[in-house]
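Input: a single structure, listed below in structure tokens.
The values are calculated or read from the model by the stated rules, or taken from the named source; none is laboratory data. Note that the structure is a prediction, hence the values are computed from the model and not measured. Counting neighbours? That spans all protein chains shown, and the Cβs are built from the backbone with ideal geometry, glycine included.
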Amino acid sequence: MREARGAKRVVKALRAAADLVWPADCAGCERELAGPLCGECRLALLGPVTRRESGAPRLVPADGGPALPVWSSAWYQGEVRRAIVAWKRQGRGELEWELRRAVARTAEAAGRVLAPISPAIAVVPVPSRWLRRLSRRGGTSAVLARAAAEALAGSGFEAVLADVLTRSSLSREQAGKSRQQRVAGREGTTGVRRPPPAPCLLVDDVLTTGATLLDAERALSRVGVQTLGAVVLAVSPAGSLDTRSAPN
Ligand SMILES: [Zn+2]
């Protein structure tokens, strides 16, 4: 009896260890034995690379001026959303290769548009808030930015990874601000450690309202550096922000 229980414990421990190395379910649709991402979920992640900033209210200036272009190959919904959350929050590190590949492919496509504008590009990760940063060295956007910089260098750009932005914590950033400014939220929380050496391409995991990207663009502009656009893994579909639930 005791032996049987012991054997069961061993089997359970082995299964847990195997799951750590190679979880059995697809991170997007949870189908079994599909590896980190099944073919269908990979297709959803690797959709057509297009500009998808039009649904981000904060990126479209009220004065009708041009919006910051944001390229992506996926919408932040359904299986793509689940896969990104699994990578960021649930420790599914084996997804990193898939997500790096997606962002590299998007950066290459953005590069074809940006090539006539600048032969040199500084690829700048948009920092996550400091608490989240602690859980993954450099933050998820730094991992993605490295992949984007490599892809651009492979396409003939003078591309450098420039991890130069900082974001202050909420309590510090809000101190000394008026109520209206506090309500306005994240504005002014991004700092620049040193000006990047070339016009910038921002990299982040997900675009929602665009407030974070806009704040990064303004911070860089204050030190005299132009932002050419941004590359993200996925974009919240227009309208999903009001209802707080993305359609599936
Ligand atoms: Zn799947």
Residues that are in contact with a strand residue (DSSP E or B) (Cβ under 9 Å, 6 or more places away or on another chain) and within 21 Å of Glu150 (Cα to Cα), drawn from the stretch 88-104: Leu99, Ala102, Val103
Only one of Glu32, Glu53 that is touching an Asp or Glu at 6+ places or on another chain (Cβ under 8 Å) and either within 16 Å of the ligand (Cβ to nearest atom) or at pLDDT 85 or above (or both): Glu32
Determine whether Gly139 is modelled with pLDDT under 95, out of contact with any Cys (no Cβ under 7 Å at 6 or more places or on another chain), on the phi > 0 side of the Ramachandran plot and surrounded by 16 or more Cβ atoms within 10 Å (Cβ to Cβ). yes
Give the residues of the stretch 13-29 that are more than 30 Å from Pro69 (Cβ to Cβ), at pLDDT 65 or above and out of contact with any Cys (no Cβ under 6 Å at 6 or more places or on another chain), sorted by residue number. Ala13, Ala24, Asp25
Could you identify the single residue in Arg193, Arg179 that is at pLDDT below 85 and exposed (fewer than 13 other Cβ atoms within 10 Å of the Cβ)? Arg179
Starting from the stretch 72-84, keep only residues that are within 12 Å of the ligand (Cβ to nearest atom) and among the aromatic types (Phe, Trp, Tyr), then list their pairs with residues that are modelled with pLDDT under 95 and not in a helix (DSSP H, G or I) whose Cβ atoms are within a distance under 9 Å, requiring at least 6 positions of separation or different chains. none
Output the residue which, of all residues in the stretch 61-119 that are within 15 Å of Ala44 (Cβ to Cβ) and acidic (Asp, Glu), is surrounded by the fewest Cβ atoms within 10 Å (Cβ to Cβ). Glu98
